[in-house]
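Enquirer: The structure follows.
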Amino acid sequence: MPNQSQLNDWFRKRKARIQSLNAETLLPELISGNRSALSAAITLVESQLSSDRKEANELIQRCLPHQKKSWRIGITGVPGVGKSTFIESFGKIILQKGLKLAVLAIDPSSNVTGGSILGDKTRMNWLSQQENVFIRPTATGNNLGGVARNTREAIVLCEAAGYDVIFIETVGVGQSETLVHSMIDFFLLLMLSGAGDELQGIKRGIMEMADALVITKADGENLLKAKQARSQYANALHLFPAKESQWIATSQICSSLKEEGLEEIWQTIEQFFNLVTLNGWLNQNRKKQELSVLREHLSFLLQQEFFGKEEWLVALHQMEQKIQLGSISAFKAAEELFQKFKAGE
């Protein structure tokens, strides 16, 4: 058991650390590439305290002139596809080229189960120990809107800290992938072969968003199946409409364990960024995303204003009881709540 002196020392250090979480003290450390400062900055933007949100907004604003033009790459795939192993091996390729890598992991799972992505830092054992790598997992529970804001802010912070490539990783195939697609430049979809009818195992919308589709675990007995799956996906990708970026999606295979096919994937990504930089799509898309952030964050703030106050939660609960009793329709109840909220009653 710690004695009183040790406890006092711990509380003093904790208070000092909390007080240091402000824009003025964090910015110089952040832009110098200090990973501890980057971690503290992300903790600040994730805070729900109004005082912290004020400092977070100030920090983000101060970071804008220091942003590096990073490559924002979304990575997704069904559980078991080997995302962590892929990132661990692919990260080596990136580091060998003298680049800095940040991995922001989004887990849109239940707060009860804790999700599966939060163990990434331990599964990426070698990568997490490298000086030019920063890995940050984030659990979302049911709060995709808040995580969207936090992740976008984390991207700005990572770019200000000098990271060249930023991976935004998510688990599963669903709403979170659409969310990730709205904040990245290149969308990499990882798939397994030999898991039934591959073309039935994933939503068409996710495939349409993909800029590259990679069949993982293409080694040993799986190699032939992976090549067959690649051909199937290549045929399917040709059926989708042309992308605004003018990029034609590719289908590739790789083995993360044997580190085969990874260099070819990097070459594909390079070709993509060369194209969209020359044709101007990259800048246009970034501007379009910023306008989406404006509307999305405004919607989030309005929801927070309502659901963040006890009086409106009580009013909502009362309306829910009336709906269950059948005395009012859900539409009428929502309208009445909105009118009262608008009037500030």
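Nothing in this text is a laboratory measurement; each read-out follows from the coordinates by a stated rule. The model shown is predicted, which means the values in this text are computed figures rather than measured ones. All Cβ positions, glycine included, derive from the backbone under ideal geometry; neighbour counts span all protein chains shown.
Enquirer: How big is D for segment 228-345, in µm² s⁻¹ as a whole number, if Stokes-Einstein is applied with the Kirkwood radius of its Cα pairs at 20 °C and 1.002 mPa s?
Expert: 109 µm²/s
Enquirer: Would you please put 32-44, 228-240, 80-92 in order of how densely packed they are, using the mean number of other Cβ atoms within 10 angstrom per residue and starting with the highest?
Expert: 80-92, 32-44, 228-240
Enquirer: Shifting gears a bit: For a footprinting-style exposure proxy, rank 297, 317 by other Cβ within 10 Å, fewest first.
Expert: So the residues, fewest neighbours to most, are 317, 297.
Enquirer: Further, regarding this structure: In what sequence do 126, 266, 281 fall when counting other Cβ within 10 Å, fewest first?
Expert: Working: 126 11, 266 15, 281 18.
Ascending Cβ contact count within 10 Å gives the list 126, 266, 281.
Enquirer: Lysine pairs, Cα distance under 16 Å, 8 or more residues apart or cross-chain: how many in segment 293-343?
Expert: Lysine pairs meeting the criterion: 5.
Enquirer: Considering the convex hull of the alpha carbon atoms of segment 293-343, report its projected area averaged over all viewing directions, in nm², one decimal.
Expert: 3.8 nm²
Enquirer: Holding the Cα-Cα limit at 21 Å, pick out from 83/287; 100/287; 217/243; 83/288; 92/225; 83/258 the pairs that are longer than that.
Expert: Flagged as over cut-off: 83/287; 100/287; 217/243; 83/288; 92/225.
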